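Take a look at the structure below.
The values are calculated or read from the model by the stated rules, or taken from the named source; none is laboratory data. Keep in mind that this is a model prediction, so the values were computed, not measured. Using ideal geometry, Cβ is built from the backbone for each residue, glycine included, and neighbour counts are taken over all protein chains shown.
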Amino acid sequence: MTVLSVTTLNLAGGSWDEFVESQKTSKAILEKHGAKNVRLLAEIAGSMPSGSVISTFEADDLAALGKVLDAVYADPEILAMMQSSGSSGVTWTGSLLADIPLT
């Protein structure tokens, strides 16, 4: 059962270019620790608040997700990025979703 981590990031000012660069760094760290299909998504139509984007990654199952998260949260580089996000005007909320096969 594939598990998807979804983080909604709300940008309140700051530099878009710096934010995107930080997300590139995050992607490299996540992939280093086993995350799959790391993406940054921006809404083109709908009802998300202005300045919001979605960051996602996948793991094969809950055990694999646990290994990714344990490694990521022990990585000093990502911890520093998470701690400084509030000072750069970025707030975030996260969810974990399970894939429900339709076949």
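Of all residues in region 13-36, which are touching a Ser or Thr at 6+ places or on another chain (Cβ under 8 Å) and surrounded by fewer than 12 Cβ atoms within 10 Å (Cβ to Cβ)?
Within region 13-36, 18 is the sole residue that qualifies.
Being buried (at least 17 other Cβ atoms within 10 Å of the Cβ), within 23 Å of residue 97 (Cα to Cα) and of a type in the set (A, V, I, L, M, F, W, C): is that true of residue 59 here?
Yes; evaluated as a whole, the condition is true for this residue.
Filter region 1-25 down to the residues that are of a type in the set (Ser, Thr, Tyr) and more than 14 Å from residue 58 (Cα to Cα), then identify the one that is modelled with the lowest pLDDT.
Only one residue tops the list, namely 15.
Matching residues to (1) over 23 Å from residue 91 (Cβ atoms); (2) of a type in the set (Asp, Glu):
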{"site": "3", "(1), (2)": "yes, no"}
{"site": "9", "(1), (2)": "no, no"}
{"site": "16", "(1), (2)": "no, no"}
{"site": "25", "(1), (2)": "no, no"}
{"site": "39", "(1), (2)": "no, no"}
{"site": "42", "(1), (2)": "no, no"}
{"site": "64", "(1), (2)": "yes, no"}
{"site": "75", "(1), (2)": "no, yes"}
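For the chain, list the strands (runs of 3 or more DSSP E) that sit wholly inside it and hold at least 3 residues that are free of Cβ contacts under 8 Å to residues at least 40 places away in the same chain and under 13 Å from the mean Cα position of the chain (by Cα); which are they?
36-42
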